[in-house]
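Participant: Supplied in structure tokens, the structure appears directly below.
Coordinate-derived values only; no laboratory data. Predicted, not measured: the structure shown is a model, and the values here were computed from it. Heads up, the Cβs are rebuilt from the backbone with ideal geometry, glycines too, and the neighbour counts pull from every protein chain shown.
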Amino acid sequence: MSQTIRKAVFPAAGLGTRFLPATKVMPKEMLPVVDKPIIQYGVEEAIASGCDEVIIVTGRGKVLMEDHFDISFELEHSLAQRNKPGLLKTAQLVARMAHVSTVRQKEPLGLGHAVLMAKRLVGNEPFGVILPDDLVDSPGNPCLKQLIDVFEEKHASVIATQIVEGKAISAYGVLDAKPVPGFNGRLYEISDMVEKPKFEDAPSNLAIIGRYVLTPRIFEMIETIKPGAGGELQLTDALRMLLQHEKIYGYVFEGKRHDAGDKLGFLKATVEYALEREDLGPDFLEYLKSLDLNHMGRGKK
Ligand code: UTP
């Protein structure tokens, strides 16, 4: 069967206030984890999942993101002249990895609104959504591909889900859902979802994370919902409305997610991704071991 999901939408127009002042001018999606901007990890995941069209919804920093995925003749020429084939290949790969289009979200009116901005470029076909600040490390089995596999069997929208124990669940959108046979017990059929519930009110420990496969009917839902606080159109509200028309599944993905839009999550991702790198891991591990951790980390600044 041919690939049914070809397009991946990257909402990257949020203000990134948790990362100020770094994000005053630069979008958080361009902050590097080790040596790649956060958004490149997501784009690589989309390509490894079989998508060949990347649609980035930008606010500020549009040019930075466009340039990052474009050919830089000066850089490539200069690396070739200096006989640096490894670096040249790295620069060339970024520019040639996918067909990238950008669309502007003029005001950050919420995640639902950001997805709606991609309507014209997506057209009337199912598509993937990757929130780039959620990094998902799942070697050999990209998170979006896991959702696509479910979509191809169920022909319905699928949301990536993570089990979150205890009070931390209150920071997430949470599913009310029941398990569905097959898929190694990872698949749930959703009956409702709540945004950031109190721990006592959470309907489950299944948290929504930033990967989705959506049917195009979601656009109609986003156009119908009423804006919530701050005039924002919430994707969760549109998904709840979609539930009245179509089934939606939650899938407990295999892999580890880092919230790189949060400072602590970003630091953890940086440490773990660096430790996994062949060229950096061993030396970085030696360095970490050499730290006198009993006398550090008390937060002086
Ligand atoms: P977040 O809530 O994590 O991003 O949105 P934010 O608003 O930029 O971050 P903080 O809380 O102020 O630090 C999740 C994703 O949705 C995008 C963001 O760029 C991020 O990838 N988003 C959010 C938009 O594209 N547009 C919006 O209006 C809101």
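Participant: Per residue Cα convex hull volume for the stretch 37-109, in cubic angstrom? Show your work: numbers first, answer last.
Facilitator: On the way: hull volume 7.0 nm³, N = 73.
Measuring per residue, one finds 95 Å³ for the Cα hull of the stretch 37-109.
Participant: Over the chain, what number does the Rg to Rh ratio reach, with both radii from the alpha-carbon atoms and Rh per Kirkwood?
Facilitator: In the chain, Rg relative to Rh is 0.98.
Participant: Next question. If contacts are Cα pairs under 8 angstrom and at least 6 residues apart, what is the relative contact order of the stretch 211-297 in percent?
Facilitator: Once normalised by length, the contact order is 13 percent.
Participant: If you project the alpha carbons of the stretch 200-277 onto the principal axes, what extent comes out on each, in Å, largest first?
Facilitator: For the stretch 200-277, the Cα spread along each principal axis is 45, 32, 29 Å.
Participant: Mind checking the dipole of the chain: about its Cα centre, +1 per Lys or Arg Cβ, -1 per Asp or Glu Cβ, Debye to the nearest 20?
Facilitator: That gives a dipole near 660 debye.
Participant: Neighbouring Cβ atoms within 10 Å as the yardstick, rank Ser157, Ser290, Ser204 fewest first.
Facilitator: In order of increasing Cβ crowding within 10 Å: Ser290, Ser204, Ser157.
Participant: Here is a further query. Hey, rough spin-label estimate for Lys268 and Asp52, points 7 angstrom out along Cα→Cβ, what's it come to in nanometres?
Facilitator: Result: 3.8 nm between the two label points.
Participant: Next up: Quick one: if you stick a label point 7 Å off each Cα along the C-beta vector at Arg104 and Leu243, how many nm between them?
Facilitator: It works out to 3.7 nm between the two label points.
Participant: Just how far, in whole angstrom, is the stretch 138-157 from the stretch 284-299 if you go by their alpha carbon centroids?
Facilitator: Taking the Cα centre of the stretch 138-157 as reference, the centre of the stretch 284-299 is 39 Å away.
Participant: Also: Arranged by the count of other C-beta atoms within 10 angstrom, fewest first, what order do Asp201, Asp52 take?
Facilitator: Asp201, Asp52
Participant: Given a Förster distance of 22 Å, report the FRET efficiency between Leu15 and Lys256 from their Cβ-Cβ distance, rounded to the nearest 0.05.
Facilitator: 0.25
Participant: Pairs Lys24/Lys300; Lys62/Lys106; Lys119/Lys226; Lys36/Lys84: which exceed 22 Å Cα-Cα? Walk me through the numbers before you get to the answer.
Facilitator: On the way: Lys24/Lys300 24 Å; Lys62/Lys106 11 Å; Lys119/Lys226 18 Å; Lys36/Lys84 19 Å.
Check vs 22 Å cut-off fails for Lys24/Lys300.
Participant: Modelled label-to-label distance, His295 and Leu275, 7 Å Cα→beta-carbon offset: nm?
Facilitator: Reported label-point gap for His295 and Leu275 is 2.4 nm.
Participant: If R₀ is 35 angstrom, what is the calculated FRET efficiency for the pair Lys84 and Arg217, using the beta carbon separation as r and rounding to 0.05?
Facilitator: It comes to 0.10.
Participant: Compute the long axis of helix 85-96 from its Cα atoms, compare it with the longest principal axis of the Cα atoms of the chain, and write down the angle in degrees, 0 to 90, nearest 10.
Facilitator: 30
Participant: Let me ask something else about it. Quick check: residue separation of Glu200 and Val25 times 0.36 nm, minus the Cα distance between them. What number comes out in nm?
Facilitator: Length gained, Glu200 through Val25: 59.1 nm.
Participant: Counting Lys and Arg as +1 and Asp and Glu as -1, each charge on the Cβ, what is the dipole of the stretch 158-300 about the Cα centre in debye, to the nearest 20?
Facilitator: Using Cβ point charges on Lys, Arg, Asp and Glu, the stretch 158-300 gives about 240 debye.
Participant: Taking R0 as 25 Å, what's the FRET efficiency between Val63 and Lys226 from their Cβ-Cβ distance, rounded to 0.05?
Facilitator: For Val63 and Lys226, the calculated efficiency is 0.15.
Participant: Between Phe284 and Phe73, what length comes free when the chain is fully extended (0.36 nm per residue of separation minus the Cα-Cα distance, one decimal in nm)?
Facilitator: 72.6 nm is the gain from fully extending Phe284 to Phe73.
Participant: Right, here's the next one. Could you please rank Tyr41, Tyr273, placing first whichever residue has the fewest other Cβ atoms within 10 Å of its Cβ? Don't skip to the end; give the middle numbers.
Facilitator: Details: Tyr41 23, Tyr273 20.
The order, fewest Cβ neighbours first, is Tyr273, Tyr41.
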